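The values are calculated or read from the model by the stated rules, or taken from the named source; none is laboratory data. Every value quoted in this text rests on a predicted model; they were computed, and no experiment measured them. Using ideal geometry, Cβ is built from the backbone for each residue, glycine included, and neighbour counts are taken over all protein chains shown.
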Amino acid sequence: MIKLFNIDHFRLEDTLLCGQCFRFKKEEDGVFYGVVGSHAVKMYYADENTIFLESSNPDLVYWSHYLSFSTDYNLVENTFSGDENLKKCMEVGHGIRILHQDLWETIVSFIISANNNIPRIQKIIEKMCELFGEEIDFEGRKYYGFPTPEKLSSLTLEDLAPIKAGFRDKYIQDAAKKVASGEIDLDKLPSLSDAEAKKELMKIKGVGEKVADCILLFALSRYKTFPKDVWIKRIMEETYGVSEKEIDAFASEKFGNFAGIAQQYLYYYHAIKKPL
């Protein structure tokens with residue numbers, strides 16, 4: 001068991017259910033169960049300031065990296081302190097941390113997320129893992145790891161049909177084949193600039209500007225990145241009076257190096273906690 005206590009800007013619900021990851025569920029007893037890559041994990045509160053983490057991988061360094069505990073969120077929020085619109089979003093989503101997710105899992109997850117809603121995304125990913133991932137036994141429960149590129153690249157569209165991903169099947173297949181073959185080198189991506197990494201990612205069918213930006217933000221911690229979906233475009237117009245074509249320049253100037261974190265506060269407040 002790993003004991004996490006008095007960690008600034010970290011609340012389980014805010015971080016795990018804000019739309020950046022799709023394999024966590026909160027059960028009636030308040031325990032959060034999930035799978036990260038090939039590791040099952042559960043997290044729960046011992047008291048208001050203490051969280052217990054139990055996992056099939058009891059490595060504190062691994063989980064500290066995944067939960068981005070090295071990022072100074074006091075600095076982040078101080079940067080935004082003069083923005084009254086963002087301030088109310090931070091008050092609601094104060095416990096959000098941008099996770100440092102597995103690159104391959106993030107690519108596939110956000111391909112599936114295109115034109116989709118969170119409950120359906122979760123169902124598709126869960127079914128895919130159940131059918132094609134490695135089984136994990138943890139505390140008497142069965143979990144399933146995220147399928148490898150090699151496994152998914154060996155499947156036909158007919159094989160993928162049961163996950164009910166619709167038109168995204170062929171995109172998942174394309175991503176798997178390009179990664180498994182080395183055409184897209186995942187080990188190389190972290191060393192590339194944002195623009196170069198984005199260009200590489202967009203070689204995959206189904207990875208457009210928004211999906212590529214999400215991958216950069218949620219897997220590579222490129223905090224300058226400001227993903228734009230229908231929600232964000234609407235929020236930026238209604239909150240700041242910014243048109244779609246002006247968003248990138250506005251976000252870069254106003255939010256600077258932490259634009260992606262600002263985006264997540266805005267999305268969580270307006271799209272999840274206070275629907276428009």
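Structure data summary
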| quantity | calculated |
| --- | --- |
| Matching helices (runs of 4 or more DSSP H) fully within the range 117-206 where at least 1 residues are within 22 Å of the chain's Cα centre (by Cα), farther than 29 Å from residue 54 by Cα and touching a residue at least 60 places away in the same chain (Cβ under 8 Å) | 169-180, 194-201 |
| Filter result (without any contact (Cβ under 8 Å) to a residue 40 or more places away in the chain and either of a type in the set (A, V, I, L, M, F, W, C) or under 21 Å from residue 25 (Cβ atoms) (or both)) within the range 43-58 | 43, 44, 45, 57 |
| Residues satisfying the stated conditions in the range 43-68, i.e. in contact with a Ser or Thr (Cβ under 9 Å, 6 or more places away or on another chain) and either of a type in the set (Ser, Thr, Tyr) or assigned to a helix (DSSP H, G or I) (or both) | 56, 62, 63, 64, 68 |
| Residue among 138, 132 that is under 29 Å from residue 31 (Cα atoms) and touching a Ser or Thr at 6+ places or on another chain (Cβ under 7 Å) | 138 |
| Residues of the range 209-262 that turn out to be charged (D, E, K, R) and buried (at least 22 other Cβ atoms within 10 Å of the Cβ), as a count | 1 |
| Subset of the range 32-61 (residues that are of a type in the set (A, V, I, L, M) and either in the same structural domain as residue 122 (by TED's automatic domain parsing) or out of contact with any helix residue (DSSP H, G or I) (no Cβ under 9 Å at 6 or more places or on another chain) (or both)) | 40, 46, 60, 61 |
| Options 77, 48, 105, 126; residue that is farther than 25 Å from residue 216 by Cα and among the acidic types (Asp, Glu) | 48 |
| In the range 69-114, the residues that are polar (S, T, N, Q), out of contact with any Phe, Trp or Tyr (no Cβ under 9 Å at 6 or more places or on another chain) and outside any helix (DSSP H, G or I) | 70, 81 |
| Residue in the range 1-11 that is more than 20 Å from the chain's Cα centre (by Cα), surrounded by 18 or more Cβ atoms within 10 Å (Cβ to Cβ) and touching a residue at least 12 places away in the same chain (Cβ under 8 Å) present | yes |
| Index of the failed condition, residue 50 passing every other in (1) surrounded by 18 or more Cβ atoms within 10 Å (Cβ to Cβ); (2) in contact with a Phe, Trp or Tyr (Cβ under 6 Å, 6 or more places away or on another chain); (3) polar (S, T, N, Q); (4) farther than 30 Å from residue 178 by Cβ | (1) |
| Residue within the range 59-66 that is in contact (Cβ under 8 Å) with a residue 24 or more places away in the chain and either surrounded by 20 or more Cβ atoms within 10 Å (Cβ to Cβ) or hydroxyl-bearing (Ser, Thr, Tyr) (or both) present | yes |
| Selection status of residue 132, modelled with pLDDT of 90 or more, buried (at least 18 other Cβ atoms within 10 Å of the Cβ) and over 20 Å from residue 271 (Cα atoms) | yes |
